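J.: Let me give you the structure first, and then I'll get to my questions.
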Amino acid sequence: MGVLLDIDGTVLAAGHPLPGAADAIARLRDAGVPLLFATNTSRKSREAVAGSLRDAGIPVEPGEVLSAGHAAAVLLRGEGVRRVHLLLTPDARRDWDGFDDDDASPEAVVVGDLGTHFDFDTLNRAFRHLAGGARLVATQKNRFWHAADGPTLDAGAFVAALEYAARTEALVVGKPAPDFFHLGAEILGRPVESLLIVGDDLESDVAGGRAAGLETCLVRTGKFDAERLAASATPPDHVIDSIADVPDLLLR
């Protein structure tokens, strides 16, 4: 079985490795388990995400990272789209080689997490492109994430604002979109039914993974909420304390 590992709240917390994460990943590698770091992080390029993991003591190459931004670039490239208006950080734009960042007549407006750089002018410019016929593409639509200083708005709030203003619905590329998981399976060269998604988010990781045909595992770290789990209509196949328990789950 191959493994897709969520990062924030599963492998790392505020940039630091969760207890046992490095050892668990090393055990999976030693056992020959194919794995991919599958993240909705949209502020960073795949190279930067891999660098953050290496800084935390977890050796990772950029090719082992499937980010929502990279997935969006793969999808639009496959559809022949070339002119895009990118609401992405300078680092996240590194995954968009071969595209024209067009502020005149883009085919698509691509929204990632700009953090404090979201402002009226930025959103209004994107809205005008959408009103002119551009397609709205969201790298992800997460509501929030856990920063070092507490829960923090993610890109989803700003995607929702553009959807409302432009009377449109965004194409969401990151988790929980099935195509995100299918791309992970393609990268690993495995059928989706042979993959396990491990994450802390009932919506993005568990419901998304199940809809795409993966086995699902929820960790009691990060966004874990016992009340939401008890009320969930799509409970995970497995619930474990943390990523440290993943090797025992797979290799027992």
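The values are calculated or read from the model by the stated rules, or taken from the named source; none is laboratory data. Remember, it's a predicted structure, so these values are computed and weren't measured experimentally. Because the Cβ atoms are built from the backbone with ideal geometry, glycine has one as well, and the counts that use them run over all protein chains shown.
J.: When the residues of the range 147-161 are filtered to those that are surrounded by fewer than 21 Cβ atoms within 10 Å (Cβ to Cβ) and in contact with a strand residue (DSSP E or B) (Cβ under 7 Å, 6 or more places away or on another chain), which remaining residue is farthest from VAL109 (Cα to Cα)?
T.: PRO151
J.: Taking ALA24 as meeting all but one of (1) touching an Asp or Glu at 6+ places or on another chain (Cβ under 9 Å); (2) under 21 Å from ASP200 (Cα atoms); (3) assigned to a loop (DSSP other than H, G, I, E, B), write down the number of the exception.
T.: That leaves (3) as the condition not met.
J.: Restricting to the range 231-241, and then to whatever is more than 19 Å from the chain's Cα centre (by Cα) and at pLDDT 95 or above, can you tell me which residue is surrounded by the fewest Cβ atoms within 10 Å (Cβ to Cβ)? Show your work before the answer.
T.: Here is the first cut: in the range 231-241, the residues more than 19 Å from the chain's Cα centre (by Cα) are 231-235, 237-241.
Narrowing the set further to residues that are at pLDDT 95 or above leaves 237-241.
Working: ASP237: 15, HIS238: 17, VAL239: 16, ILE240: 17, ASP241: 12.
The extreme case among them is ASP241.
J.: Six or more apart or on different chains, Cβ under 7 Å: which pairs go from a residue in the range 156-175 that's in contact (Cβ under 8 Å) with a residue 12 or more places away in the chain to one that's among the polar types (S, T, N, Q) and assigned to a helix (DSSP H, G or I)? Could you list them?
T.: From residues that are in contact (Cβ under 8 Å) with a residue 12 or more places away in the chain, the pairs are LYS175/SER204.
J.: Within the range 62-76, does at least one residue satisfy the condition of being surrounded by fewer than 17 Cβ atoms within 10 Å (Cβ to Cβ), within 22 Å of the chain's Cα centre (by Cα) and acidic (Asp, Glu)?
T.: Checking the range 62-76: not a single residue is surrounded by fewer than 17 Cβ atoms within 10 Å (Cβ to Cβ), within 22 Å of the chain's Cα centre (by Cα) and acidic (Asp, Glu).
J.: Kindly evaluate LEU66 against the criterion of being more than 21 Å from ILE197 (Cα to Cα) and touching a helix residue (DSSP H, G or I) at 6+ places or on another chain (Cβ under 9 Å).
T.: No, not satisfied.
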